[in-house]
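Structure first, commentary second.
The values are calculated or read from the model by the stated rules, or taken from the named source; none is laboratory data. Just so it is clear, the structure is predicted and the values come from calculations on it, not from any experiment. Virtual Cβ from ideal backbone geometry, glycine too; neighbours counted across all protein chains shown.
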There are 2 protein chains.
Amino acid sequence: MDYVAGIDLGGTKIYSALADLDGNILCESKVPTESWRGYEGVVERMAAAIRDLQREARLVHHGRLLAVGVGAPGPLDSNTGVVYQAPNLGWRDVPLGKNLESLLATPVFVENDANLGALGEHAFGAGRGSRDMVYVTVSTGIGGGLILDGHLYRGAGMGAGEIGHMTVLSDGPRCRCGNKGCLEAVASGTAIARRARREAGAGTAPVILELAGGDPGKITAVTVAEAASRGDERALDILTGAARFIGIGLANLVNLLNPSVIVLGGGVMESGRLFWQVMDEEMRERALERACQTVRLVPTALGPRVGVVGAIALALQRARDGQD
Amino acid sequence: MDYVAGIDLGGTKIYSALADLDGNILCESKVPTESWRGYEGVVERMAAAIRDLQREARLVHHGRLLAVGVGAPGPLDSNTGVVYQAPNLGWRDVPLGKNLESLLATPVFVENDANLGALGEHAFGAGRGSRDMVYVTVSTGIGGGLILDGHLYRGAGMGAGEIGHMTVLSDGPRCRCGNKGCLEAVASGTAIARRARREAGAGTAPVILELAGGDPGKITAVTVAEAASRGDERALDILTGAARFIGIGLANLVNLLNPSVIVLGGGVMESGRLFWQVMDEEMRERALERACQTVRLVPTALGPRVGVVGAIALALQRARDGQD
């Protein structure tokens, strides 16, 4: 039986899976990344993870591994498989695709996380059957991927989909990208935690502070969501502010790209029903009526598996392209 | 000889042209729209304009008119040729494509102005040879069209490209679309004139007021550009503010779509070198470095002919599709 593999490479774990040519997962595994081993060590761990799965599924001498999809963080060139920068892993300009290809003796295709999220949700998740879909993930950062006219849209320099760096507040707080008032700088998990810590430090968010055991440094976006679920006004206020900005970002996407579906994932999207409601209302208040009528906002169907499923979707696509 | 036709339908004039299958214009004409004749009267004038051109080019009994492209204002369905709304002309839900088709006995393809601008610049103008191009026009309103992966991107409800309704100032002035702080509400020719009129009325823009013959109601964006060219600080300030907002809008486009070219047209883009410079700087300050390196900002190559040339590009494309 022929099959493909997907790897979601993260800073802490390597999440791998094998799938048949219909995309059904045959087996999967998570192993620690152990980034202290350095680039070559990690690439070997990735190859070993695939070999272990092949043994587990008893596929070593049966069928062919047609292609491997890999999701990696940071800017990269999906044509050459070179990862330009992966701050989590301390990598710069590494030929990940080529190196993994020689270890596995199989074509390897590398793509960035957010684009794979879009591919995964489009092929097997909440965006199935749609032609124009936007995937947005809101966690520590904010990322996105675009499926336009049925295909992943990468842009002229493979940098499309940077939804998190849309300016939504021109004189807003500085973003790590250098710009001011990016969506990521005002509505990501990091931004939510930052604001809550500042308020806790100033004594204006006692409930949030208490939930963090009295240590402002331990406050995360999850603490804020927890406080909000208990009805804390301060926490609700912070989350509502972030949800409004995400609504503005979505309205801009809707007006510009007129998608039929926007799939929303990432931890911050689990901050409760109110968060979703405020975001949806803000979007519909701002976006053009006709475009609003076309679009559905839906939560991710793949959750934490979105990366590895996206990697499999990429491998399947490339395996098919190769057979054409 | 086989040929195609293009019509740019405006509120005041019907601009038509015939072109050979390489897109070379054979002859062209402008006639008043005379919208007071009502929908059917205008459709007949459009057909008559094409017939006159056929006679002028001595093509009546020679060769075939393979297709007609029509650019119309307002939201429309390019599949059915129905114009939903054309406020300039007082039309609602009119089957323009079908009606013109029966008068000319030739396939007619209707597309909105801004999309045709994008098609025209991509096929015959400043975006020639690019794969990912954005067309932005800044005049009384702000419109746009997207060429992505080499094709016009229309979106799920044919509403993509509404660059003018991107929120760039969340609590900004009300836009005619109902939203607050749209790019169009702060940086279009209308927005520039509105601000200048207010200042002139309040006595803070004497130079602009003088250029308008002392009547604030006569101030337009052209008056402001004129005052700026004479070094008037107030006018420079108003234009710089608008240029900054356009720069923010372009940065958002660059981060989201990573195009290789942005083609800029419309009267406001002729407000002087400073306007362009401020806009370009603001964009480069805000957009991600890698995406900035990929993109060129270029002025329209087609100017006021962009609509009719775009209509011809559409007709040529459809004529080719029909022959496949």
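If I go through the stretch A:163-217 residue by residue, how many of them are among the small types (Gly, Ala, Ser) and out of contact with any Gly (no Cβ under 8 Å at 6 or more places or on another chain)? Going through the stretch A:163-217 one residue at a time, the tally reaches 13. Look through the stretch A:147-192, keep the residues that are more than 8 Å from every other protein chain (Cβ to nearest Cβ) and part of a strand (DSSP E or B), and return whichever of them is nearest to A:ASN79 (Cα to Cα). Taking the candidates together, the pick is A:LEU152. Can we say A:ALA319 is out of contact with any strand residue (DSSP E or B) (no Cβ under 6 Å at 6 or more places or on another chain) and outside the structural domain of A:GLY241 (by TED's automatic domain parsing)? The answer is no for A:ALA319. As a summary of the residue check, B:MET279 satisfies the conditions (1) more than 22 Å from B:SER139 (Cα to Cα); (2) crowded, with 24+ Cβ neighbours inside 10 Å; (3) out of contact with any His (no Cβ under 7 Å at 6 or more places or on another chain) except for the one numbered (1).
Restrict the check to the stretch B:8-30 and report whether at least one residue is in contact with a helix residue (DSSP H, G or I) (Cβ under 6 Å, 6 or more places away or on another chain) and of a type in the set (Asp, Glu). Yes: one or more hits. For A:GLY307, the criteria (1) in a helix (DSSP H, G or I); (2) within 14 Å of chain B (Cβ to nearest Cβ); (3) modelled with pLDDT of 95 or more hold in every case but one, which is (2). Within the stretch A:206-221, residues that are free of Cβ contacts under 8 Å to residues at least 24 places away in the same chain reach partners that are part of a loop (DSSP other than H, G, I, E, B) and surrounded by 17 or more Cβ atoms within 10 Å (Cβ to Cβ) with beta carbons closer than 7 Å, at six or more positions or on different chains, in the pairs A:ALA212/A:ILE219; A:LYS218/A:ALA212. Applying the set (1) crowded, with 24+ Cβ neighbours inside 10 Å; (2) not in a loop (DSSP other than H, G, I, E, B) to A:GLY127 leaves exactly one unmet item: (2). Looking at the stretch A:113-137, which of the residues that are away from every other protein chain (no Cβ under 14 Å) and of a type in the set (A, V, I, L, M) is farthest from A:SER271 (Cα to Cα)? Filtering the stretch A:113-137 for residues that are away from every other protein chain (no Cβ under 14 Å) and of a type in the set (A, V, I, L, M), the one farthest from A:SER271 (Cα to Cα) comes out as A:ALA123. Listed by first and then second residue, the pairs linking a residue in the stretch A:228-255 that is under 21 Å from A:SER170 (Cβ atoms) and within 10 Å of another protein chain (Cβ to nearest Cβ) to a residue that is in a helix (DSSP H, G or I) and of a type outside the set (A, V, I, L, M), with Cβ atoms under 6 Å apart and 6 or more places separating them unless they lie on different chains, are A:ARG244/A:GLU282; A:GLY247/A:GLU282; A:ALA251/A:ARG286; A:ASN255/B:HIS165. Kindly establish whether A:GLY272 is in contact (Cβ under 8 Å) with a residue 24 or more places away in the chain, under 30 Å from A:ALA123 (Cα atoms), crowded, with 22+ Cβ neighbours inside 10 Å and in the same structural domain as A:TYR135 (by TED's automatic domain parsing). No; evaluated as a whole, the condition is false for this residue.
The criterion of at least 1 residues that are aliphatic (A, V, I, L, M) and under 17 Å from A:GLY189 (Cα atoms) is met by the following helices (runs of 4 or more DSSP H) wholly inside the stretch A:233-300: A:233-257, A:273-286.
Yes or no: A:GLY155 in contact with a Leu (Cβ under 7 Å, 6 or more places away or on another chain), in contact (Cβ under 8 Å) with a residue 40 or more places away in the chain, more than 17 Å from A:ALA243 (Cβ to Cβ) and assigned by TED's automatic domain parsing to the domain that holds A:ILE238? No: the conditions fail for A:GLY155.
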